[in-house]
Structure formats: structure tokens, C-alpha cells
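Here, each number is a calculation from the coordinates, and none is a lab measurement. Note that the structure is predicted; figures quoted are calculated from it, not measured. As a convention, Cβ positions derive from the backbone with ideal geometry for all residues, glycine included, and neighbour counts pool all protein chains shown.
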Amino acid sequence: MADQIKYTLTEQDMPKSWYNIMADLPSPLPAVLHPGTGQPVGPADLAPLFPMEIIKQEVSGERWIDIPDPVRQIYFQWRPTPLYRARRLERALDTPARIYYKYEGVSPSGSHKPNTAVPQAFYNKQEGVKRITTETGAGQWGSSLAFAGSLFGIEIDVYMVKVSFQQKPYRRALMESYGARCVASPSTETNSGRAVLAQNPDSTGSLGIAISEAVEMAAQRDDTKYALGSVLNHVLMHQTVLGLEAKRQMEMAGDDPDVIVGCTGGGSNFAGIAFPYLGEQLRGGRKRRIVAVEPAACPSLTRGKYAYDFGDTSKLTPLVKMHTLGSSFVPPGFHAGGLRYHGMAPQVSHVKELGLIEAKAYHQLACFEAGVQFARAEGIVPAPEANHAVRGAIDEALRCKREGKSEVILFNLCGHGHFDMQAYIDYFGGKLKDLDYDAKELAMALAGLPSVAAE
Ligand SMILES: *Cc1c(COP(=O)(O)O)cnc(C)c1O
């Protein structure tokens, strides 16, 4: 039998709709609140920031939402993506478990993010938008939106967290290759950026600050909107294309996952792999274990509070109920930049509160160790974010070995690490350390959570 088995779908097998978990949740999501009034927001409140079709999807209760044909045509460039049975990894671990992974690194920007960047750019184009502003941490989202903007002739302005801007010049070059403008955040272009710099001229930035800058710029101009690469309902829904594919591929393989693992920054790739399965369970189907893996240095699901909070540092965004470390929390500079967000998607937070998923936190050294073991067995170097999912999956496989169980493990390999080799250089050079968040800072950030009458 082949060492590594690949399950491929044809174009005809690619899903024609995204799956919306709102249709199947046992209790509704808490309302999104206006930051000024504390009242639930309506579509009109969001209209300055998002195109109407995106707003409709954000609040939709429809179970299936059609993927527009022009979006499917673009998806075909790299979708359906492959699913692999990791037999060489199984052998290296000497585990009776069967390990499968969905590989999203085959997209043009190297991760799952174009799955939502493309439809978001498409809906903006349909509604006449000329420019989209956004933020990016490690640069995965910025480069994915830059790619999507280039397809539709939309200008893309990316506010990139300053520490990453300095550490990851290749990601910046990739965004510029696609024609986007990339600005180090905090910048002097916005009130939010200037306010942060006035307090701390050496600020290395955070996703929360970069979001403030991007939102501020979009709110000022009629021809400009804002796009978010994670956290929001419509983003998670767009990512279900990968889970729906994986489900069919697992059927082709004749196996059914007992455990599903994904890494969580804002929650979108995790929801992508997990929600199609969770939806089946909520409709009376099989119950499977679903495990979210996050960094111990930014542990929103395992250490955060489930509370209303802002999505950004300057408190410009609506209030959403989520697991949060506080919108002023700045995580230490560990290498999985895509996982350095203070909050978790409201939908992921909600299913965690309902006990439908588990969450685990790992330090970065253990994750890089798993990523290197994976690369040596399977030939793919995972993104530092994806290493968290790899660690989670390997630990499940090792548990199966101890317990003598031949369970089936499915995880999402959400991106490759080709732009993150500095992190691997640091790891091999012994320079990578396990960072802990500052407990005092966390306590302060949590104490600063907004008080909300609706709670
Ligand atoms: C952005 C990113 C993440 C984190 O975002 P989620 O919304 O939690 O998926 C994880 N992995 C990769 C490769 C990313 O680019």
C-alpha cells in the first residue's frame, strides 16, 4: 500500500453551497451590540463597513448559501484541495490511530484565507466598492485579500502589525506583488494609530490596533469598505467549503473521524473543518470529539472570559459576546502571528460554552517539535499556526497508542510555512522560547471589559 494516500475530488464534486451553522444551533447567538447605544445592531449600522450581501450572510439563518458561480470558477484554481492519509506519520508515531489531514496550503497565498477573501472581494465588486482596507498579523490574510483584490480590480490597503512588518518582509513583498499597499501599524495615517504612537512611540502594534486603523479609514469614505479575515459569521461560513470537501473525501476513504482537530486564532479554519460535522451532530447525527488548539501565550478559549467585548483596541467595532482576553491585551511576540488575536469567533465561543467542543493550549516549542516531525514524515512544512493543529493531532495519536485504540483523527493543515522559515531558523538555532502572557496585563485587560446592560 502507498505510503501516503491522497484523496482528490473532481471540480464537479466541489460544494455548490457554504454551510451556515446558525440554522442548527440549539440556542441562538447573543446579539451584536452597538458600541454607543448598547442596543442590538441592525444592517444599517454595518453598512458603512461591509457590502449588503455580506451583512445578509452575517445575520442569515439559512442552512445553505449558494457559492456564486464566479467565485466557484476562481476556487477551481486550487480547489477541491487534497486530503491525505498520513501513513508515514502514523508509522513514525507507531500509533494504531489513522490520521488524515486536509491540506489548504495549495492556495495561491498558501493558506485557507483565500476561501473567504475571494467571495468578500466579489461581493464588494458587485456593489461598486473601489477600495478595501484591512489589517493583517503575520501577513496571511493581507496577502490573501491582496490576491483577491487583484482578481477584481479593487485597491487593497493593508495595515500590518509593525512587528510582523519588520520581521516578515517577504509577506509584505507578496502583498505588493499583488498590487496592494502595505502600511506598518500603528501608523500616522489614522487617529487610532497616532493616539497609540503618542502614548508609546515604540509600539510594535497588535491586531486590535491594526483593525482600528483599517475600520477608521473605511468608515471615512463612501467608495471604501472593510474586510475581516476571521471571527465573523460570514467568514467562518465561507471556510466550510474545506470541511464539506473533507467530509466527502473521508467517505471516499471509507473512514469516519472520531476526533477532529483545528488550530484557532479567530476561529475560521477550525470552524471550516469542524462545523459541517458539528451540524450533522446537531441534526441528530453522530457525535464526534472536536478539539480546538490555541497558543498558550494567547489563550482566549481556555483562559479568556466569555463576555461582550470590542473587536479592536480603539473600541470602534460593535460589541460581540466571545471568549476574550480583553481588547487592550497585547500578546507576547510568539511566532504564530495568525493566532495572536485577543478574541475568538462568537460562533466558536458559543459552541464552546454549550460544551460541543473542547479546547487545548500549547506552548510554541512543543508545536514546532510536532511541525518538524510532521515535515520529516509527510514532506510538507506547516505554517507556525498550523503546527498547533499538528501538535493536537499527534497528541491524540499518541493517546490512541497508549490506550491501544485505532481511532480516526482528522485535522486541518491550514497553511504551509514557506514564508515563515525564519521561525524554523530560530527554532533550530535554539532561539525560540516558550512565552507566557503577562498575567498582570491580562488581569488589567479583563478588568477593562465594557459593562453591558444586556448581560
Ligand atoms: C490566519 C491564519 C490562522 C488563524 O486564523 P483562523 O481564523 O483561526 O483560522 C491559522 N492558520 C493560518 C495558516 C492562518 O493564515
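Things to note:
- Rounded to the nearest 20, the size of the Cβ-charge dipole of the range 393-455 about its Cα centre is 260 debye, with Lys and Arg at +1 and Asp and Glu at -1.
- Test item: Cα-centred dipole of the range 8-91, Lys/Arg +1 and Asp/Glu -1 on Cβ, debye: 600
- Under 14 Å, Cβ to Cβ, from GLN140 - net charge with Lys/Arg +1 and Asp/Glu -1: +1
- The HN-Hα couplings worked out from phi for the range 94-102 by the Karplus form 6.51 cos²θ - 1.76 cosθ + 1.60 (θ = phi - 60°) are 6, 10, x, 5, 9, 10, 10, 9, 8 Hz, whole numbers, x standing for Gly and Pro.
- Take the Cβ atoms of LYS431 and GLU353, set R0 to 45 Å, and the FRET efficiency comes out at 0.75.
- Cβ-derived FRET efficiency at R0 25 Å, GLN422 paired with ASP202, nearest 0.05: 0.70
- In the chain, Cα pairs under 8 Å separated by at least six residues give a relative contact order of 19 percent.
- Applying 1/(1 + (r/R0)^6) with r as the Cβ-Cβ distance of GLN166 and ALA439 and R0 = 22 angstrom yields a FRET efficiency of 0.20.
- Mean Cα-pair separation over length for the range 316-407, i.e. relative contact order, pairs under 8 Å, 6 or more apart, %: 22
- Between ALA447 and ARG289, the distance separating the two model label sites (each 7 Å from Cα on the Cα→Cβ line) works out to 3.9 nm.
- Length gained when the stretch ARG376-SER17 is fully extended (0.36 nm per residue, less Cα-Cα span): 125.6 nm
- Test item: Cα-centred dipole of the chain, Lys/Arg +1 and Asp/Glu -1 on Cβ, debye: 680
- Contact order normalised by residue count of the range 1-81, Cα under 8 Å, 6+ apart, percent: 48
- Leading residue at positive end of dipole, the chain (Cβ point charges), from GLN373, SER109, ALA214: GLN373
- Which of THR313, LEU339, GLY279, positive extreme of dipole for the range 279-360 (C-beta unit charges): GLY279
- Gap separating the Cα centres of the range 210-224 and the range 323-388, nearest whole Å: 28
- In plain terms, the chain from SER27 to GLU280 could stretch by 89.5 nm, reckoned as 0.36 nm per residue minus the Cα-Cα distance.
- Relative protection proxy for 382-394, 67-79, 164-176, from highest mean packing down: 382-394, 164-176, 67-79 (other beta-carbon atoms within 10 angstrom).
- Net charge of Cβ neighbours under 9 Å - reference LEU278; Lys, Arg +1; Asp, Glu -1: -1
- Fraction of beta bridges assigned by DSSP in the chain that are antiparallel (%, nearest 5): 40
- Nearest-ten-degree value, helix 140-152 long axis tilted from longest Cα axis of the chain: 80
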